[in-house]
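A short reminder: the numbers here are calculations on the coordinates, not readings from a lab. Since the structure is predicted, the reported quantities are computational estimates derived from the model, not experimental observations. Cβ placement follows ideal geometry from the backbone for every residue including glycine, while neighbour counts extend to all protein chains displayed.
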Amino acid sequence: MLDIHFGDNLPILRSMPDEAFDLISVDPPFNTGKVQARTRIKTIRDERGGDRVGYQGKRYRTIKLGTQSFEDAFDDFVAFLQPRLAEAHRLLKPNGSFFLHIDYREVHYVKVLLDQIFGRASFLNEIIWAYDYGGRSRTRWSAKHDNILWYAKDPDHYTFNYEEIDRIPYMAPGLVGPDKAARGKTPTDVWWHTIVSPNGKEKTGYPTQKPLGIIERIVKVHSRRGDRLLDFFAGSGTLGDAGLRLGREVVLIDNNEEAMRVMARRLGFAQPRFHGFTPEAKDMPEPTLLDSVGC
Ligand SMILES: C[S@@+](CC[C@H](N)C(=O)[O-])C[C@H]1O[C@@H](n2cnc3c(N)ncnc32)[C@H](O)[C@@H]1O
């Protein structure tokens, strides 16, 4: 089951009943002060008028297909988040978990805010998602990580499916023996994972789209089949994609029409119920049996 709501998340969250969700995972705008935009392009061979040079000196002309964007600037970011995070706490089931994805500029303020709402004892991990993509600064250490804060509503009772954790290779497999080396090890609170590849299949074109691999790990380990999941800053619907494929029920909210269209294209296979938005037929792919996509 997938519900997608269009609109400001605060009144929508306030209309939902207490303790409705097992896992809430959000990735709010990071307050970068910019408009987050991604322009989709295609290139075609053009030896005379091409503005790009590719492999073996061949020239290509760039054609803009469209730009997707949303505002990422708030006068008072913490005041914007506070009532929404308080709703998240109310909406979590007693053994539910809350994940918040943020960057190094805001994480300290948001940690203090979440400690006030959940209580300091409920803070379980700060996960560092480390990647290695893009240019390097010559004037400071290049920032190549995001922060993910994990709070459990009840720090003594929460879902943590240890057996579901994926294994990663040892850095020095020669030091641990062949059996351990073949099995690999569980990740720590530093998760190395590439960004969504600009040319890969996973890319929706939505700015700030998060990698499915990161979100799938959260869903697998912190919820069970049939659980209810919520993302109220849904963007391209990455939590929906991960949750549906893993047999969870998902509710998504966003106030950007472009996000609605991207989610319709991405998640149409699951016949979502839209609230406050009617996608055009061209944006809705044929529904697929969930079984055929791995549920
Ligand atoms: C950082 S993006 C989320 C990206 C998402 N994690 C993904 O993988 O595609 C933040 C999203 O929050 C949405 N947003 C910002 N303010 C909102 C509000 N008040 N209510 C609902 N959505 C909001 C923006 O439209 C944007 O899509």
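Using a Cα-Cα cut-off of under 13 Å, which aspartates and glutamates could be cross-linked to Lys203, ignoring same-chain neighbours fewer than 8 residues away?
Hits, sequence-local ones excluded: Asp241.
Work out the charge dipole of the chain with +1 on the Cβ of Lys and Arg and -1 on the Cβ of Asp and Glu about the Cα centre, then indicate which of Phe6, Pro178, Leu267 is farthest towards its positive end.
Comparing the listed Cα positions along the dipole, Pro178 ranks first.
Measuring from label point to label point, each 7 Å out along Cα→Cβ, what is the Tyr133 to Arg225 span in nm?
It is 3.2 nm.
By DSSP, what percent of the beta bridges with both residues in the chain are antiparallel, rounded to the nearest 5?
On the way: 28 of 50 bridges.
So the antiparallel bridges in the chain amount to around 55 percent.
With a point put 7 Å past each Cα toward its Cβ, work out how far Asn125 is from Ala20 in nm, to one decimal.
Using points 7 Å along Cα→Cβ, the separation is 2.8 nm.
Please list, or write none, the aspartates and glutamates whose alpha carbon is within less than 19 Å of the alpha carbon of Lys58, excluding same-chain residues fewer than 8 places away.
Excluding near neighbours in sequence, the set is Asp46, Glu47.
Enter the Cα centre distance for the pair segment 191-267 and segment 1-28, rounded to the nearest angstrom.
Using only Cα atoms, the two centres lie 14 Å from each other.
Among Tyr162, Ile44, Asn255, whose Cα lies farthest out toward the positive end of the dipole of the chain, if unit charges sit on the beta carbon of Lys, Arg (+1) and Asp, Glu (-1)?
The Cα lying farthest towards the positive end belongs to Ile44.
Treating only the Cβ atoms of Lys and Arg (+1) and Asp and Glu (-1) as charged, compute the dipole magnitude of segment 98-190 about its Cα centre; round to the nearest 20 debye.
Values: 12 positive and 13 negative charges, 106 e Å.
Using only the charged Cβ atoms, the result is roughly 520 debye.
Quick check on the chain: helices-only [θ] at 222 nm, where DSSP H runs of length 4 and up contribute -39,500 (n - 2.57) each and the sum goes over total residues. Nearest 500, please. Could you put the intermediate results ahead of the total?
On the way: 7 runs with 69 residues, N = 295.
Value at 222 nm, helices only: -7000 deg cm²/dmol.
Explain nothing, just the number: dipole magnitude of segment 170-275 about its Cα centre with +1 on each Lys and Arg Cβ and -1 on each Asp and Glu Cβ, in debye rounded to the nearest 20.
360 debye
For the pair Ala172 and Arg105, what calculated FRET efficiency results from E = 1/(1 + (r/R0)^6), where r is the Cβ-Cβ distance and R0 = 30 Å, to the nearest 0.05? All intermediate terms of the calculation are to be shown ahead of the outcome.
Numbers: r = 34 Å, r/R0 = 1.15.
It comes to 0.30.
Please compute the modelled spin-label separation between Asn95 and Lys144, points set 7 Å along Cα→Cβ, answer in nm with one decimal.
Going by the 7 Å Cα→Cβ label model, 4.0 nm.
Which of Met260, Met284, Met1 comes first, and how do the rest follow, when ranked by fewest Cβ neighbours within 10 Å? Walk me through the intermediate numbers first.
Numbers: Met260 23, Met284 17, Met1 13.
The order, fewest Cβ neighbours first, is Met1, Met284, Met260.
Choose one answer from Ser142, Ser236, Ser197: the residue with the largest mean-square fluctuation in a GNM of the chain with alpha-carbon springs under 10 Å.
Fluctuation is largest for Ser142.
Measure up Lys93/Lys220; Lys153/Lys185; Lys144/Lys210; Lys93/Lys185 against 20 Å on the Cα-Cα distance and list the ones that go over.
Values: Lys93/Lys220 17 Å; Lys153/Lys185 28 Å; Lys144/Lys210 14 Å; Lys93/Lys185 31 Å.
Result: Lys153/Lys185; Lys93/Lys185 exceed 20 Å.
Among Asn199, Pro187, Gly226, pick out the residue whose Cα is farthest towards the positive end of the charge dipole of segment 186-228, where Lys and Arg carry +1 and Asp and Glu carry -1 on C-beta, about the Cα centre.
Gly226
So what is the relative contact order for segment 83-180, in percent, with contacts set as C-alpha pairs under 8 Å and at least six apart? Don't skip to the end; give the middle numbers.
Values: 105 pairs, mean separation 35.8, N = 98.
Over segment 83-180, the number comes to 36 percent.
Place a +1 charge on the Cβ of each Lys and Arg in the chain and a -1 charge on the Cβ of each Asp and Glu, then give the dipole magnitude about the Cα centre in debye, rounded to the nearest 20.
Working: 42 positive and 40 negative charges, 302 e Å.
The dipole of the chain has a size of about 1460 debye.
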